[in-house]
Amino acid sequence: MPDLLNEIVHKYNYWLYIILMMIGLYAMISKNNLIKKLVGMNIFQTAIILFFISIGYKEDATIPIIVSGHGGDAAHQAIQAANYINPLPHVLMLTAIVVSVATLGVALALVVMIYQRYQTLEEDEIRMRVKQL
Amino acid sequence: MNANYPALIVLSPLLAAFLVAALDWVDRRWCYPVALIGLGGAVYSSGHLFFQVMRSGTIAYQLGGWPPPMGIELRIDFLNVLLLILVSLVALVNMVASKKSIHQEMPIKEGTFCTIYLLFVTGLLGVLVTGDLFNLYVLLEITSLASYALLAMGNPDRAPLASLNYVYLGVIGASFYLLGVGYLYIMTGSLNMLDVASLLPQISGSTAVSVAFIFCLVGVWIKMGLFPLHTWLPNAYSYAPVAANRVIAPLMTKVMVYVMIRLMLTVFGFHYVFEQLDVQNWIVGLGSVAIIAGALMALAQTDLKKMLAYIIVCEIGYMVGGAWVGNVQGMVGAVLHIINDGLMTFALFLVLGNIVYVQGKTKISELDGIFASMPWTMAGFVLAGLSIIGVPPTCGFFSKWYLLLGGIQAGAWFFVIALVFSSLISAILVFRVVETAFFSSAQEVHGHHGGHAGHVAILQEAPITMLASLGIVGIGLIAVGIWSGSIVQQVILPFVQQGMS
Amino acid sequence: MDPIVSLRPLFAVLVSMLVIPILLSSGKRPNVRESWTFAAGFIKFGLVVSMLPAVLQGREFVYTLATPFPGVPIQLQVDPLGMLFALVASFLWIFTSMYSIGYMRGLDEHGQTRFSAFFALALSSTIGVAFSANLFTLYLFYEILSLATYPLVTHHQDQEARISGRKYLTFILGTSVGLVLPAMMVCYHLAGTLDFSPAGILAGQAPTPVLVTLFFLFVFGFAKAGIMPFHSWLPAAMVAPTPVSALLHAVAVVKVGVFSIVRVSTGIFGVDLLKNLSIGPVLATVASVTIVLGSLIALSQDELKRRLAFSTISQLSYIILGIALLSPKGMLGGIIHIAMHAFGKITLFFCAGAIMVATGKKYVSQLSGLGRTMPVTFFAFFIGALSVIGLPPTGGFYSKWNLLVGTVESDQLIFMGVLLISSFLNAVYFLPIVFKGFFVPGPKNAQGKGGIQEAPLFCLVPLVVTALVSVLLFFNPDVFTNLTHLALGQ
């Protein structure tokens, strides 16, 4: 038991992202309102983004901006990688956030089109109206 | 200039997209020609790359001169060079064939359509050339976003909803892939495909790597529409506008199969995937189930568009089964089938587009007598249908041959039976349409022996551009079939043998 | 001897295919169209005959088109067996073209351009099958033939044609894709090649049950041979216009089926392997069932074309029986029957069509007294019937005699009984037609004009020619005998 607790505490970022992902997935699948589904989708994607960022973290490390001075001479000094958290996941996730936002935009545009056509955002009502066509 | 073709092939449609978007404000009539030029640039680059690869082997291109693993690398090798030609050619021919369709279905949105179309092609070509895992994700999402938008431009009642459902599943798929890449990054510290491949053998026993593989695999499966993760496919493809359908249906799912094979052979490696994981029997079984399910569901359809969509589901099963059978023949069959199926599906959708343009209806029962009014289109349909059934000398037969051989060699009898079964069902599907089209409706003057000379049918064919495109693709079907020997020997086999040694 | 590499086999196959665009574009000028069909026919026959002397000396012509798979080229090879089949098919095409002019114009049929185009394609594929050097090429042309004949069978485009067309495709495409294709793949997997070799390629490659199953997959898979139970497509295909029935279903399509089985037996399996596997008696029994049942059902058919169809089903299995006997004379008889039956049966079909064109009658019961008004036709019918029954002085006697000797040679006298019973049944369902035609007076209010009222000339000439050839073959079957001896390596 203490072993399991240890596990959870040490790897809490993994557990967190899994829980967030599941919440997002649940919302996407079971919610009736289209906007809520989109929110779920966004939560799902954000969970993954958070996970990625979290893996760049190092203990006792600071943000990835070189500490001593700025300009030419600072860049030429040897840099201890262990003092800075990994910037690569952050950079990657910037791209992923952009993708996520773009997807959200497209999805919202689709929802607007659906709303203009069917005057409702509830999925079961939309299905009913589609059947009546 | 010579060395920059790998970048050019992606940049050409991308720049054209921006140009078209700008020109949309100025004068809409410029949009279409500029789009053609952009796609033409891609075709030219792909041809050039093909000759380069055949001469000197794999091309490794560093974007911006940054060396991997920090920089993004583009790699053109035997596997993707043929697909580059396929994608760019199909995109170009489709654009040529779709001019009138676009005018008919969405006249005001022509500029927008061209822009998004070009972005879609950019994404596809990017997915094919990239050698970086995260870059693949980004380009994958570019492709998917463009396809969501394109698919939603169709039938205003149902297309947005179908596209939205596709969005959900597409996002899940891409996110799974991203997760898999994340795990790989944690374990190896690198995102470059070859780099990861060299680092993996040392850590191949870890669970994280297997989970990474499974996440990537499931993500790609969702995107390619493998049964039972295919549910987005029929609806999304049925309500889309013809011009969009014709480019998305043949290409998108096939490029996803390419991604799967790339992951299997280049990143994770043959030994890991087949020997350590030992899941291939299950996956071949899944592929066989996909084949049978796709075939049966296609049989149940009364609408030609939906029927074609389910045929795609069936074909994906071929490729997944063939790739996972585990021997050279099966893999060769799967890769050859990517090309063949791209061509066949494109031909079928061209036919569908012609029928929609001329007649506007796609229910099979309403197609009676169109053999007489649209003989060239139906000839194309027969040719494409023969390829789906697997009748020589069309290309479909040859990839089926390799797949069958691979299945027999590996003793995967369920797969072999599924292949034969689906060929028979395809025969029923194709000839059901051919029969309806060949015979006029029952209300016609019933033919008695002789004296039938009065049955005049009005020739009501599709415009020349559409017919010419169909003709080119039809000839391509036979040409690729007859030359599949050289294609396999010189291009596919070296790659597969190297990957599976 | 080294095979001769030459383009002649390729041209022999392609000449009718190349004519198709011209045919399609001359739809408005029927005479131009027909003359091109004739030209193609003569050229094709000429090419085939030009290769005959060399083949008779034991040499072979070879041409490779492409190699899609390692070890499996698309290759044409003119050897004695193929030459026999090609001679028959190309010769008869010329006369069928002549006949179809008379028939189609006589009945004012629609879609004649489409008809001639697909006819030409069907002929190309038939010659392609004849000249195939390996199983893959044979399969290729076999499938093209199936597809090319569909528009011909369903030519009338009415409900009946639709149902028959569906039956046709289901049986023929279903068996070739479902049975032949997997069998072919397994062959390739076992032997690494699909070339037809004198001793076969499968000896010792797999355990006996596998090889036996494989063999029967082929036998039933080539449903064009009309072996029961995959025979129903043949009577159904009789809805087609008679020229189609005549050439394709009495000569080309069905002979392609039987030819393919003969090729597989001699070239893929080999006579010795078949003897070792003891397949002979089993195959002979299967063939005998079809022979007897086919004849019995023929008795019950009143529609003339259907009666002829069932007779064909029965006669085709003679060829299979000949092969199954695995004895020199038996195999000789079987293979020669390909030619003899072709000439005899096509005469019968030509006559049936001539009767249709001249009088509009299709049923046997209506044919009384027609011999008076159509003596030439009925006499030719008599000759054709004699050939099919196997009586002198027609060629059919020659093949049947060899078959009977073959049963004695291989000590399987029960099959002699089968052959004799079948001959008797043939006589019972053919000769009364002739008898009634000549000796029974027709209905009272029939053609009161009296005198002779034959079918058009274009129909008459072919049937006279084929009847004459049937008789000629009795006196001089050497061409075919020599080819067969060479083919069997005797």
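The values are calculated or read from the model by the stated rules, or taken from the named source; none is laboratory data. Just so you know, these numbers come straight off a predicted model, no measurement behind them. Don't worry about glycine lacking a Cβ; one is built from the backbone with ideal geometry, like all the others, and counts go over all protein chains shown. What goes into the accessible areas is simple: the full protein's heavy atoms, side chains included, and nothing from ligands, DNA or RNA. Shrake-Rupley method; radii C 1.70, N 1.55, O 1.52, S 1.80 Å.
The table below lists the values:
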item: Residues being away from chain C (no Cβ under 12 Å) and either part of a helix (DSSP H, G or I) or acidic (Asp, Glu) (or both) - total across the stretch B:367-386; result: 7
item: Which numbered condition C:Glu160 misses (of (1) closer than 30 Å to C:Glu303 by Cα; (2) more than 11 Å from every other protein chain (Cβ to nearest Cβ)); result: (2)
item: Residues satisfying the stated conditions in the stretch B:135-180, i.e. of a type in the set (Asp, Glu) and either modelled with pLDDT of 90 or more or under 20 Å from B:Val257 (Cβ atoms) (or both); result: B:Glu141
item: Single condition A:Ala109 does not satisfy, out of (1) more than 20 Å from A:Ser30 (Cα to Cα); (2) more than 25 Å from the chain's Cα centre (by Cα); (3) more than 7 Å from chain B (Cβ to nearest Cβ); (4) open to solvent by 40 Å² or more (accessible area, probe 1.4 Å); result: (2)
item: Matching residues in the stretch B:466-501 - criterion: being within 30 Å of B:Gln104 (Cα to Cα) and under 18 Å from the mean Cα position of the chain (by Cα); result: B:Ser469, B:Leu470, B:Ile472, B:Val473, B:Gly474, B:Gly476, B:Leu477
item: Which listed residue is of a type in the set (A, V, I, L, M, F, W, C) and surrounded by fewer than 24 Cβ atoms within 10 Å (Cβ to Cβ), from C:Val364, C:Val388; result: C:Val364
item: Criterion (modelled with pLDDT of 85 or more and open to solvent by 50 Å² or more (accessible area, probe 1.4 Å)) met by exactly one of C:Ile421, C:Ile414; result: C:Ile421
item: Helices (runs of 4 or more DSSP H) lying entirely in the stretch C:14-120 (those with 1 or more residues that are at pLDDT 80 or above and touching a Lys or Arg at 6+ places or on another chain (Cβ under 7 Å)); result: C:30-50, C:80-107
item: Filter result for C:Thr170 (open to solvent by less than 10 Å² (accessible area, probe 1.4 Å) and β-branched (Val, Ile, Thr)); result: no
item: The stretch B:201-217, residues that are of a type in the set (A, V, I, L, M) and either within 20 Å of B:Ser288 (Cα to Cα) or open to solvent by 10 Å² or more (accessible area, probe 1.4 Å) (or both); result: B:Ile203, B:Ala208, B:Val211, B:Ile214, B:Leu217
item: Of all residues making up the stretch A:112-133, the number that are in contact with a strand residue (DSSP E or B) (Cβ under 8 Å, 6 or more places away or on another chain) and either part of a loop (DSSP other than H, G, I, E, B) or within 11 Å of another protein chain (Cβ to nearest Cβ) (or both); result: 2
item: Hey, B:Leu63 touching a residue at least 40 places away in the same chain (Cβ under 8 Å) and closer than 30 Å to B:Gly189 by Cβ or not; result: yes
item: The stretch B:24-48: number of residues that are open to solvent by 40 Å² or more (accessible area, probe 1.4 Å) and in a helix (DSSP H, G or I); result: 11
item: Residue selected from the stretch C:396-411 under the condition open to solvent by 30 Å² or more (accessible area, probe 1.4 Å) and in a helix (DSSP H, G or I), by the criterion nearest to C:Leu304 (Cα to Cα); result: C:Phe397
item: Qualifying positions in the stretch B:151-187 - among the small types (Gly, Ala, Ser), in a helix (DSSP H, G or I) and more than 10 Å from every other protein chain (Cβ to nearest Cβ); result: B:Gly173, B:Gly180
item: Verdict on B:Leu493 being open to solvent by 30 Å² or more (accessible area, probe 1.4 Å), within 14 Å of another protein chain (Cβ to nearest Cβ), at pLDDT below 85 and assigned to a loop (DSSP other than H, G, I, E, B); result: no
item: Condition broken by B:Gly396, with the remaining ones in (1) more than 28 Å from B:Asp278 (Cβ to Cβ); (2) within 12 Å of another protein chain (Cβ to nearest Cβ); (3) open to solvent by 10 Å² or more (accessible area, probe 1.4 Å) satisfied; result: (3)
item: Scope the stretch B:218-233; condition surrounded by 24 or more Cβ atoms within 10 Å (Cβ to Cβ) and part of a helix (DSSP H, G or I); matching residues; result: B:Gly219, B:Val220, B:Trp221, B:Lys223, B:Met224, B:Leu233
item: Helices (runs of 4 or more DSSP H) wholly inside the stretch C:252-365 containing at least 3 residues that are among the aromatic types (Phe, Trp, Tyr) and under 20 Å from the mean Cα position of the chain (by Cα); result: C:328-359
item: Set B:Tyr272, B:Tyr237, B:Tyr258: member being closer than 18 Å to B:Gly353 by Cα, of a type in the set (Ser, Thr, Tyr) and assigned to a helix (DSSP H, G or I); result: B:Tyr237
item: Verdict on C:Leu420 being without any contact (Cβ under 8 Å) to a residue 24 or more places away in the chain, assigned to a helix (DSSP H, G or I) and of a type in the set (A, V, I, L, M); result: yes
item: Residue list for the stretch A:10-32, filter: surrounded by 14 or more Cβ atoms within 10 Å (Cβ to Cβ) and either farther than 22 Å from A:Leu92 by Cα or modelled with pLDDT under 90 (or both); result: A:Asn13, A:Tyr14, A:Leu16, A:Tyr17, A:Ile23, A:Leu25, A:Ala27, A:Met28, A:Lys31
item: Residue match in the stretch B:101-119 (condition: within 19 Å of the chain's Cα centre (by Cα) and modelled with pLDDT under 90); result: no
item: Matching entry among B:Val313, B:Val320 (being part of a helix (DSSP H, G or I), open to solvent by less than 10 Å² (accessible area, probe 1.4 Å) and more than 29 Å from B:Ser98 (Cα to Cα)); result: B:Val320
item: Check on B:Gly454, modelled with pLDDT of 80 or more and either within 9 Å of another protein chain (Cβ to nearest Cβ) or closer than 30 Å to C:Phe69 by Cα (or both); result: no
item: Members of the stretch A:75-96 that are among the aliphatic types (A, V, I, L, M), part of a helix (DSSP H, G or I) and surrounded by 14 or more Cβ atoms within 10 Å (Cβ to Cβ); result: A:Leu88, A:Leu92, A:Met93, A:Ala96
item: Qualifying helices (runs of 4 or more DSSP H) (wholly inside the stretch A:1-63; at least 1 residues being hydroxyl-bearing (Ser, Thr, Tyr)); result: A:12-30, A:34-54
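Here's the yes/no breakdown for (1) under 28 Å from B:Gly411 (Cα atoms); (2) small (Gly, Ala, Ser); (3) open to solvent by 10 Å² or more (accessible area, probe 1.4 Å); (4) touching a Phe, Trp or Tyr at 6+ places or on another chain (Cβ under 6 Å):
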| residue | (1), (2), (3), (4) |
| --- | --- |
| C:Val186 | yes, no, yes, no |
| C:Gly192 | yes, yes, yes, no |
| C:Ala199 | no, yes, yes, no |
| C:Leu217 | yes, no, yes, no |
